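Take a look at the structure set out below.
All of the numbers you see were taken from the coordinates with simple rules; none came from a lab. Nothing here was measured: the structure is a model prediction, and the numbers come from that model. Note that we place each Cβ from the backbone using ideal geometry, even for glycine, and neighbour counts take in every protein chain shown.
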Amino acid sequence: MSVSLKNLNVLITGASSGIGEACASAFAREGANLLLAARRKERIDRLAGSLEEAHSIMTHSFVLDVRNQQDVEKAVASLPPAWDHIDILVNNAGLSRGLTKLQDGEIRDWEEMIDTNVKGLLYVTRAVLPGMVRRNSGHVINMGSIAGHELYPNGNVYCASKFAVAAISKGLRMDLLGTNVRVSSVDPGLVETEFSEVRFRGDTKRAAQTYLNLRPLKGEDVAEVVIFCATRPPHVDIAQVIVMPTDQASVNHVHRSA
Ligand code: NDP
Ligand code: 8X3
């Protein structure tokens with residue numbers, strides 16, 4: 001039986017686009033109050049306003065670059081009084097940069113992926129988790145990827161960053177054993193978002209090739225899985241979910257209709 005998310009406080013990183021934005025809408029529909037974080041302020045402000053109006057929930061949006069440890073710590077420590085605790089953390093902020101053989105790789109691309117997908121996720125978790133442990137209640141939902149289970153040519157550092165997320169999720173479950181704090185890893189295959197545009201630095205034509213002639217997942221499909229994890233009864237922890245488009249059998253096997 002599912003449990004209610006009404007009036008729970010949910011922090012979503014990377015809420016300005018794609019899967020994070022879809023998660024925000026899905027949690028809002030469930031009546032949760034939302035802390036929305038990303039770097040693009042206008043987007044999260046707009047999203048916060050529209051979700052507040054549509055669902056009569058509380059929201060607080062704030063600019064956050066998860067790569068900056070001090071900013072992360074300060075942002076979590078200085079939340080307004082109404083947000084004195086976080087019930088659910090959705091560690092979604094992440095990105096890929098480039099698709100290049102390792103021997104030709106751009107060091108700054110590697111740094112950005114590792115700083116965001118691995119270190120950023122750790123910084124946010126480190127800032128939020130002690131409160132959950134203190135209250136003996138909470139749920140960390142990490143956005144992993146099929147790229148954290150399998151490798152594809154030229155995916156090297158992005159895949160490594162998602163393998164790291166898988167390791168962090170598993171390790172966290174061990175470290176939290178004996179508490180009521182849950183950890184889930186939601187690991188999608190191809191989802192059509194701004195992900196590929198970011199990977200190819202605004203080359204929309206190349207980005208579109210990624211999803212050409214197949215039916216990718218939508219952000220909403222992944223958000224539904226996140227909500228499923230979050231609404232299980234307290235004794236149930238969905239540790240890991242791999243969610244793929246029907247047209248994708250592995251990172252290297254995709255069915256394109258033409
Ligand atoms: P989008 O590019 O649409 O969204 C990425 C989000 O991450 C944006 O809201 C962006 O916000 C935020 N973000 C990026 N860097 C930072 C940063 N330094 N600090 C704070 N926020 C940041 O892509 P997706 O929605 O697809 O990606 C979301 C997550 O899902 C990522 O972790 C990705 O690895 C993962 N994923 C994606 C898949 C896909 O096929 N699309 C498949 C499997 C997993 P802003 O730029 O405003 O800061
Ligand atoms: C994103 C999925 O296969 O494009 O994590 O790397 S993939």
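Amide H contacts under 5 Å for T59: L34, restricted to partners 5 or more places along the chain or on a different chain, H placed in the peptide plane at 1.01 Å from N. Ranked for footprinting exposure by Cβ neighbours inside 10 Å, fewest first, E192, E220 give E220, E192.
As a rough footprinting exposure proxy, the listed residues S78, S50, S196 were ranked by other beta carbons within 10 Å of their own, and the order from fewest upward is S78, S50, S196. Computed from phi, the 3J(HN,Hα) profile of the stretch 204-210 under the Karplus parametrisation 6.51, -1.76, 1.60 (θ = phi - 60°) reads 5, 5, 5, 4, 5, 4, 4 Hz, with x in place of Gly and Pro. Annotation: the residues V133, V241, V76, sorted from fewest to most other C-beta atoms within 10 Å of their own C-beta, follow the order V133, V241, V76. Work out which helices of the chain, taken as complete DSSP H runs, extend at least 20 Å along their axis over the Cα atoms and score a mean Kyte-Doolittle of -1.0 or more, then list them. Membrane-span-like by this criterion, though nothing is claimed about a membrane: 121-135, 156-175. Contact order, relative form, for the stretch 113-203: 36 percent (alpha carbon pairs under 8 Å, 6 or more residues apart, mean separation divided by residue count). Just give me a number: lysine pairs in the chain, eight or more positions apart or cross-chain, with C-alpha atoms less than 30 Å apart. Pairs that pass both the separation and distance tests number 25.
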